[in-house]
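K.L.:
Take a look at the following structure, please.
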Amino acid sequence: MKMSRLVAFSSSLLLGAALALNGAGVANADSSAAAVDYVALGDSYSSGVGAGSYDGSSCKRSTRAYPALWAAANSPSSFDFAACSGARTNDVTGGQLGRLNASTDLVSISIGGNDAGFADVMTTCVLQSEATCLNRIATARAYVDSTLPGRLDSVYSAIRSKAPSAQVVVLGYPRFYQLGGSCIAGLSEKERSAINGASDHLNTATAKRAADHGFTFGDVRTTFTGHEICSGNSWLHSVNWLNIGESYHPTAAGQSGGYLPVFKSAL
């Protein structure tokens, strides 16, 4: 297996620093940074729905999404932005993995929320009774227990098969509500707590499958703490009837302040 180009780049930086300290002068920057081939896979949390500045496609890929922000700052030799709004695990395996090859060095992905029925959960909870909301959340949690692990295994195994040398970073999902926060209407605290618990449940399952495949899991709940809906400084859109697709997705600040730092720290 070839040495990761990310590791090679880090090594070149250390060598340059050592030469400078020893009076040998600063080595000229090489092309290791630009040699990284990066592919961003996944769903709307990776494509950047909610952040604006879209590419005009139905996938709603945003220049403000964490993959695009990282690529703009690091100038990889190639950046393939395949993440797509609404994607499920079968959409990744059936339509996104063709971007990967043996030269791919870095892969990021968020996936699983649509499989678990996230959009339907939120619609049910906003439009129907508390009891119906809680029942729908219970159904989603049961799916995460029974079916989602196998679907994630299929995606992760396919990624490793097509990009055997790549570093793979799996990004999770934020908690959506600050409990006891500033919201005075909308869902009940019991519903908000149950939705947060379902997000935690999904993250736990995803992190376990990622670890079992040797991938790094990026937990964004820490960076979003204090920036949930009802926090007064939310990095997530609440329900927006004029643009329903952006509801419960990160804002541009959520991508740059919530997702990007976690992605960077995983590298």
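The values are calculated or read from the model by the stated rules, or taken from the named source; none is laboratory data. No experiment lies behind these values; they were computed from the predicted model shown. Backbone-built Cβ (ideal geometry, glycine too); neighbour counts: all protein chains shown. Note: areas computed on protein heavy atoms with side chains; ligands, DNA, RNA excluded. Shrake-Rupley method; radii C 1.70, N 1.55, O 1.52, S 1.80 Å.
K.L.:
Tell me, what % of the accessible area of the chain is carbon and sulfur with a 1.4 angstrom probe? Walk me through the numbers before you get to the answer.
P.N.:
Working: 6400 of 11630 Å².
Taking all protein chains in place, the chain shows 55 percent carbon and sulfur surface.
K.L.:
Between the alpha-carbon centers of region 175-249 and region 37-53, tell me the distance in whole angstrom.
P.N.:
17
K.L.:
OK, next. Between the helical axis of 189-212 and the dominant principal axis of the chain, each derived from Cα atoms, what acute angle in degrees is found, rounded to the nearest 10?
P.N.:
Helix 189-212 sits at roughly 30 degrees to that axis.
K.L.:
Quick one: if you stick a label point 7 Å off each Cα along the C-beta vector at S103 and T63, how many nm between them?
P.N.:
Taking the simple label geometry, S103 and T63 are separated by 2.7 nm.
K.L.:
For the chain, find the longest principal axis of its Cα atoms and tell me its angle to the long axis of helix 5-21, 0 to 90°, nearest 10.
P.N.:
It works out to around 50 degrees.
K.L.:
Please compute the per residue accessible area over the chain with all protein chains in place, 1.4 Å probe, rounded to a whole number of Å².
P.N.:
Value for the chain: 44 Å² per residue.
K.L.:
Related question: Which aspartates and glutamates does K208 reach when only Cα atoms under 14 Å apart count, and residues fewer than 8 places away in its own chain are ignored?
P.N.:
D145, D153, D200, D219
K.L.:
Something else about it: Note the full-extension length gain between D55 and I184 as 0.36 nm times their separation in residues minus their Cα-Cα distance, in nm to one decimal.
P.N.:
Difference between extended and current length: 42.8 nm.
K.L.:
Now for a different question. With a point put 7 Å past each Cα toward its Cβ, work out how far D145 is from A119 in nm, to one decimal.
P.N.:
2.7
K.L.:
Helix-derived [θ] at 222 nm for the chain: sum -39500 (n - 2.57) over DSSP H runs of at least 4, divide by residue count, nearest 500?
P.N.:
The per-residue figure over the chain is -12500 deg cm²/dmol.
K.L.:
Using the per-residue mean of other Cβ atoms lying within 10 Å as a proxy for protection, in what order, highest first, do the peptides 100-113, 153-166 fall? Don't skip to the end; give the middle numbers.
P.N.:
On the way: 100-113: 22.6, 153-166: 17.7.
Ranked by mean Cβ neighbours within 10 Å, highest first: 100-113, 153-166.
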